[in-house]
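What follows is calculated from the coordinates using simple rules that are stated; it is not laboratory data. As the structure is a prediction and not an experimental result, all values here were calculated from the model. Using ideal geometry, Cβ is built from the backbone for each residue, glycine included, and neighbour counts are taken over all protein chains shown.
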Amino acid sequence: MNSLRARLSLGLVLLIVSTVSGAAATEASLDGGFDRYWSARTSAEQSAAVAGILATGADFDQIHRRLRAGRPYSNTVPTGEIELSHRIDNGTLHRFRLAIPTSYDPARRYPVRFYLHGGVQRPRWKAGDRWWRWAGFASEAHIAVFPSAWKQSMWWTHRQVQNLDAILLTIKQQYNIDENRVYLIGLSDGATGAWFHALRKPTPWAAFLPFIGHPGVLDNRALGVDGQIYPRNARDRDFLVINGGQDWLYPLKYVVPYLSLMQRAGARIEFRPQPESGHDLRWWRKEAGHIEAFIAARVRDPLPDRLTWETESTDRYPRNAWLLIERLASRDGDPKMDAFADLERWPTLGFEPDEKSDQGVRVLKVS
């Protein structure tokens, strides 16, 4: 009897040791699997990491617990102004700058603001070039990002979609950010670029702030705009738009009908025209408080209840949040909405312009 009891006790001990060892081995395998998952740079690397995690035999609770905990972050990362570069697409080098709060705390989630500069019809930027006077945009409250564009890599190309995606991934892998508070701000050509990303790749962004730009530029095929533009893709997206009434490059009376079209398509556009301003930012100080309030009030819903999406390609722009178009087809009688067609002369955007004005646009009434 004692011999049987001894054998049972030994068996139980071995079972416990085996179970503990197996659990420890699973946790160690999960450590490696999640390290690879968090550091993945491409969807292929991410898929391989997921397969490795599932192969550990870990149960749902173990995996879910780690996903809920999120990515681990270091407190020894660089802060302040940082210039970086990476290669995307066919190996083309893209430079970008970050302004990381000097008081960065890895336990806190930071909003992120991308700023797209103007003047893209120029040579590629070199190391040390100052494509932004960014001191006024740096903040201890958020991370500021300053990508670069040039004649061979304009904001409205697939190369720049890859660039912004890669920059955002780089930031996420080093800094604790609030992924539902990432904003795209553009000036002049950068504003036109913000319109492009809103209509082709909106998923990462909480809101778009195009200033002194023109969405109609995207209808100019000679500028190398990537693919077709679908105004209805602006549906349920938030925009703060500012343009000058004396803008010689993008006259207000030509910009407004495009805003009307996207507003009719379901975009949430807050338009703040500056009647006395030209193609400049003289209004910035006056509008700064409103810009901050607009951003503070916009938080991305990563899983919206309702989505629509239009695309001509399942390779480049098939996704809007959880909606993925895997196959294209057409039916007789399908309605068509050509890019920026059937424009109204003036929309209801909170002001009435004077169409008799020869220089710029004179505002008759603000409502």
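Of note:
- Residue exposure sequence - PHE294, PHE208 - by fewest surrounding Cβ within 10 Å: PHE294, PHE208
- A Förster radius of 30 Å, combined with the Cβ-Cβ distance separating ILE325 from GLU179, puts the computed FRET efficiency at roughly 0.85.
- Placing a pseudo-label 7 Å from each Cα along the Cα-to-Cβ vector at ASP59 and VAL299 gives an inter-label distance of 3.3 nm.
- Of the residues LEU324, LEU164, LEU116, the one with the fewest other Cβ atoms within 10 Å heads the list, and the complete ranking is LEU324, LEU164, LEU116.
- Peptides 198-204, 226-232, 87-93 ordered by average Cβ neighbours within 10 Å, highest first: 198-204, 226-232, 87-93
- For the range 174-278, a simple Cβ point-charge model (Lys and Arg +1, Asp and Glu -1, everything else neutral) yields a dipole of about 340 debye relative to the Cα centre.
- Point-charge dipole on Cβ atoms (K/R +1, D/E -1) for the range 80-160, about Cα centre, debye to 20: 300 debye
- FRET efficiency estimate (nearest 0.05) - Cβ-Cβ, LYS151 to ALA51, R0 30 angstrom: 0.15
- Sorted by Cβ density within 10 Å, fewest first, the residues TRP283, TRP205, TRP38: TRP38, TRP283, TRP205
- Label-point separation, SER39 to ALA141 (7 Å along Cα→Cβ), nm: 3.6 nm
- Percent RCO, i.e. relative contact order, over the range 32-118, from Cα pairs under 8 Å lying at least 6 residues apart: 19 percent
- Within the shell defined by Cβ-Cβ distances under 13 Å, the residues around LEU84 carry a net charge of +1, with Lys and Arg each +1 and Asp and Glu each -1.
- Taking a Cβ cut-off of under 12 Å around ASN180, the surrounding Lys, Arg, Asp and Glu residues balance to a net charge of +1, with basic ones at +1 and acidic ones at -1.
- Sequence-ordered 3J(HN,Hα) estimates for the range 152-163 from the Karplus curve with 6.51, -1.76 and 1.60 and θ = phi - 60° stand at 8, 8, 7, 4, 9, 10, 5, 4, 6, 4, 4, 4 Hz, glycine and proline given as x.
- Linear extension gain, ALA222 paired with SER29, 0.36 nm per residue minus alpha-carbon span: 64.2 nm
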